[in-house]
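Colleague: My questions all concern the structure below.
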Amino acid sequence: MKQINVVMSGFAPYEGIDINPCLEVLRALERDGIDALSEHDESFADVQVQIHTVMLPVSFAKAWPMLLETIDRTHPDIVIATGLKRAARGMQLERCATNLMDAAKPDADNRRPRRMPIDPQGPAAYWTRLPLRSILKAFAGHGIAATLSSDAGTYVCNSLFYNLLNWAVTRDHVIGGFLNFPTVNEQPHPQHGLPLAQQIAAARDVVHETVRYYLQPSSGEMLLG
Ligand code: PCA
């Protein structure tokens, strides 16, 4: 039996949103895994997926070191960081991380970096390595609203995403990416949010498609949508 380790991170409550989808979704995935999807998928016949989760503070200085500490402890094959985008209509799949911190508001440590690189030696940007095309296909099959995003912002989410990919390029076999949740909205809403159950189903799709891609890489299913 081959074990695939997945680390998923979320952020602590943010901007006064009381139901934090990161927290609830990650809790459900850690508890139930992705068996509901993988038991009907023969590429998972001899594979066990273990999901570890960690909640991070909305802090430029602390979020990445805490995620790295979890990575060092659990040796993941896949790392999926997640955040909340209040204005998102549905799931938001992030394509790229940029080497820029430019905070419009203070973070949890009351720090507000303006126009600063995350890594002065690092490249300007990284593409995600999540198989966005196959993830979008899975979302469509489950009726989950989603958009591709080419801009994860210049706040803590983007910073975490950039640090993750900056680290992942030093590891041949690790796939890293970033997924934004919308707010939780149990009533169908034309502009904002998705029911929690759909967000859990979406996160499960992301893990399932990424593990499938990890097991059988194929450039056709890759990348930028
Ligand atoms: N969203 C913020 C930081 C934490 C979160 O969930 C952002 O977009 O950077």
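Colleague: In this structure, is D102 of a type in the set (D, E, K, R) and within 16 Å of the ligand (Cβ to nearest atom)?
Modeller: yes
Colleague: Please determine whether any residue of region 3-14 is crowded, with 20+ Cβ neighbours inside 10 Å, over 16 Å from H208 (Cα atoms) and among the hydroxyl-bearing types (S, T, Y).
Modeller: Yes - at least one qualifying residue is present in region 3-14.
Colleague: Being in contact (Cβ under 8 Å) with a residue 60 or more places away in the chain, of a type in the set (A, V, I, L, M) and not in a strand (DSSP E or B) is the filter here; which residues of region 157-179 pass it?
Modeller: Within region 157-179, L160, L164, L165, A168, V174 qualify.
Colleague: Still on this structure, please answer the following. So which residues in region 41-57 are in a loop (DSSP other than H, G, I, E, B) and either within 16 Å of the ligand (Cβ to nearest atom) or surrounded by 20 or more Cβ atoms within 10 Å (Cβ to Cβ) (or both)?
Modeller: If the condition is that a residue be in a loop (DSSP other than H, G, I, E, B) and either within 16 Å of the ligand (Cβ to nearest atom) or surrounded by 20 or more Cβ atoms within 10 Å (Cβ to Cβ) (or both), then P57 is the only one that fits.
Colleague: Here is a list of conditions, (1) in a loop (DSSP other than H, G, I, E, B); (2) within 20 Å of the chain's Cα centre (by Cα); (3) surrounded by 16 or more Cβ atoms within 10 Å (Cβ to Cβ); (4) not β-branched (V, I, T), and R86 meets all of them except one; can you say which number that is?
Modeller: Unmet condition: (3).
Colleague: Let me ask you something else. Considering only residues that are modelled with pLDDT under 95, more than 15 Å from C22 (Cβ to Cβ) and among the small types (G, A, S), which ones fall in region 174-196?
Modeller: Answer for region 174-196, where residues must be modelled with pLDDT under 95, more than 15 Å from C22 (Cβ to Cβ) and among the small types (G, A, S): there is none.
Colleague: Let me ask something else about it. Name the residues in region 58-91 that are out of contact with any strand residue (DSSP E or B) (no Cβ under 7 Å at 6 or more places or on another chain), of a type in the set (K, R) and more than 14 Å from the ligand (Cβ to nearest atom), would you?
Modeller: R73
The values are calculated or read from the model by the stated rules, or taken from the named source; none is laboratory data. Every value quoted in this text rests on a predicted model; they were computed, and no experiment measured them. When we count neighbours, we look across all protein chains shown, and the Cβ atoms used for this are built from the backbone with ideal geometry, even at glycine.
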